[in-house]
4 protein chains.
Amino acid sequence: MDKALLLNQVGNIFVEKMPFNRFLGISIQTLSADKAQIQLPWKDEFIGNPTQKILHGGVISAVLDNVGGLLAAASIIDKLSAEELHSVPNKLATLGTIDIRTDFLRPGRGEHFIASATLIRSGNKVCVCRMELHNELGIQLAFGTGTYLVG
Amino acid sequence: MDKALLLNQVGNIFVEKMPFNRFLGISIQTLSADKAQIQLPWKDEFIGNPTQKILHGGVISAVLDNVGGLLAAASIIDKLSAEELHSVPNKLATLGTIDIRTDFLRPGRGEHFIASATLIRSGNKVCVCRMELHNELGIQLAFGTGTYLVG
Amino acid sequence: MDKALLLNQVGNIFVEKMPFNRFLGISIQTLSADKAQIQLPWKDEFIGNPTQKILHGGVISAVLDNVGGLLAAASIIDKLSAEELHSVPNKLATLGTIDIRTDFLRPGRGEHFIASATLIRSGNKVCVCRMELHNELGIQLAFGTGTYLVG
Amino acid sequence: MDKALLLNQVGNIFVEKMPFNRFLGISIQTLSADKAQIQLPWKDEFIGNPTQKILHGGVISAVLDNVGGLLAAASIIDKLSAEELHSVPNKLATLGTIDIRTDFLRPGRGEHFIASATLIRSGNKVCVCRMELHNELGIQLAFGTGTYLVG
């Protein structure tokens, strides 16, 4: 099995097999060893404010954590040799977020949302990602920094 | 209108009028000027892992942000004089999370979950809360620290 | 008094009148309303490890906090009208860091270090900065995110 | 060599062999597998404000990082079997802070300062500590949360 195929499988699991991600309606736009990007439609269930049609902060944190974790998974796969690829399911089963910081910049207004992650520290045990959330107009809504256990 | 009544109204809005909180199924257990505690049932939609029945990290961040924000609202009300209470709706409309850090301690396993917040810095413009998430067995699952704009 | 002169004065106070900054040996390279950059020489007193000649993490956090706070000060000045400039000393006296996150990327090795800050949220009460630390070879050593009380 | 002796040696290295800690003037009050506490005198070099005699925020972050890292070292030693104790120097050489958040609560005023850390997540690869800083009057000045690489 090659890495591109594996990445594709991981993306499918992420989108289809995780109930909370299905609720969020996430789709994957980019998934490589150094960048991940996902998209999210507006849904009224995401509203976090009785008077304004804006995203609940928890939805924002969740989406940022998601895209960072997805990139962490891709970075695990990227580092494995061909002989080690069979261990991917075990490795991914132990992948987890250690901590995440979300900085909310503007009210979460939009028709759809794009979250992206880049790797800023890539180790054998831990990786750190920076994440951003924009709406469809390119307005940045939030920043995030996540530390993931990968080994 | 007195403060106890106002707190009660704020709690009702929080639980009933915020669509994402309705999705989460939050109920309020305690709401005073220095402590807030909310409860959350298990729901299969919260699952964040295809193989394990555990909470998605995004659900955990959302719940911690919620209980911290609820306490921030209570602390706004607490500081107002009787003459200022009419300004509560305006004050609450500008209440927002500036940043939040979540530390994930253990897999989010449980039948229901209790999130609590205490105020560690209470200013006129900004307050900072510490939050904790436990399951029904009293096992701590996560910690959080949130900075809220209150003025 | 014009803003350029005020910025210059603030920079001088920062470098010369703050004892801990004098210990750090900080000099200012850039200071405008949207970017601040400072420089730091290597000093043996900064060593945080008995066996390796690398910066103590506390020095890294301090430098990142410094450059973020300096930019926060510049952003306060930038927002004032000509008539309000006399209030700068009062405003700066209440400027303070609310919280800061430092992400350590690589061992703090170098002959000198450059810390820079950009503004990611600029409000009347709170601003949020992103900071980076590089050594003289352009290798990034750390990231930071700081929330500052400005109003 | 037994663990108590090792802990004592680690404490000595921390206090005496790290130049930045010598600058800070740190002494150790408690060091066990689940709690660390250190003390710090006031020094004029710590001043971070030209008009007020208060600690620079960078000093506060540094002290919190220190006490968290010291507890992380103690937790490494605690987990080793008698046969593994010879590996302590190697283990400690790779110990490092991944990320730290500092929440500043009050101006850093005092004659001396006490920083303490407790372990909130203790894994084979990563541990997470909560830290607090108080002055000699018991007034809390800051909170911290640090994630440390321990394996």
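Averaged over C:39-52, how many beta carbons belonging to a partner chain fall within 10 Å of each residue's beta carbon?
Values: counts 0, 0, 0, 0, 3, 2, 4, 3, 7, 10, 9, 9, 5, 1.
Across C:39-52, the average partner-chain Cβ count within 10 Å equals 4.
To the nearest hundred square angstrom, how large is the accessible surface buried between D and C, total for both chains, probe 1.4 angstrom?
For D against C, buried area totals roughly 2300 Å².
Can you list the HN-Hα couplings for region D:62-76, worked out from phi with the Karplus curve (6.51, -1.76, 1.60; θ = phi - 60°), rounded to whole Hz and with x for Gly and Pro?
4, 5, 5, 4, 4, 6, x, x, 5, 5, 4, 4, 4, 6, 4
Could you identify the residue of D sitting closest to the D-B rotation axis by Cβ and state that distance rounded to whole angstrom?
Of all Cβ atoms in D, the one closest to the rotation axis yields D:Arg101, 3.
In whole percent, how big is the carbon plus sulfur part of the accessible area of the protein assembly as shown, probe 1.4 Å, protein atoms only?
Reported share for carbon and sulfur atoms: 51 percent.
Under the convention of a label 7 Å out along Cα→Cβ, give the distances in nm from D:Arg22 to the same position in every other copy, shortest first.
Sorted ascending, the copy-to-copy spacings read 2.2, 6.3, 6.6 nm.
For the pairs A:Lys35/A:Lys125; A:Lys79/D:Lys3; B:Lys79/C:Lys35; A:Lys91/D:Lys79, flag any whose C-alpha to C-alpha distance is greater than 29 Å.
A:Lys79/D:Lys3; B:Lys79/C:Lys35
From other protein chains only, count the Cβ atoms within 10 Å of every residue's Cβ in B:108-116, then give the mean.
Across the residues of B:108-116, the mean count of other-chain Cβ atoms within 10 Å is 0.
How far is the Cα center of region A:39-82 from the Cα center of region D:50-86, in Å?
Each part reduced to its Cα centre gives a spacing of 33 Å.
Could you tell me which of rounded, prolate or oblate describes region A:45-151, using a ≥ b ≥ c as the square roots of the eigenvalues of the alpha-carbon gyration tensor, with rounded for a/c under 1.5 and, failing that, prolate when a/b is larger than b/c and oblate otherwise? Walk me through the numbers before you get to the answer.
Details: a/c = 2.62, a/b = 2.54, b/c = 1.03.
The shape class here is prolate.
Between copies, how far apart are the B:His112 label points? List them in nm, one decimal, shortest first, with each point 7 Å from Cα toward Cβ, please?
3.9, 4.9, 6.3
Quantify how strongly other chains surround peptide C:88-97 by giving the mean number of their Cβ atoms within 10 Å of each of its Cβ atoms.
3
Might you tell me the accessible area per residue for region C:3-149, computed with a 1.4 Å probe and given in Å²?
With all protein chains present, region C:3-149 gives 38 Å² per residue.
To one decimal in nm, how far is D:Ala93 from the same spot in the other copies, if labels go 7 Å from Cα toward Cβ? Please give the shortest first.
Spelled out, the distances from D:Ala93's label point are 3.4, 5.3, 6.3 nm.
The values are calculated or read from the model by the stated rules, or taken from the named source; none is laboratory data. Note that the coordinates shown come from a computational prediction; the quantities given were computed from them, not determined experimentally. Cβ sites come from the backbone with ideal geometry, for glycine too, and all protein chains shown count toward neighbours. Just the protein is used for accessible areas: all its heavy atoms, side chains included, with ligands, DNA and RNA removed. Shrake-Rupley method; radii C 1.70, N 1.55, O 1.52, S 1.80 Å.
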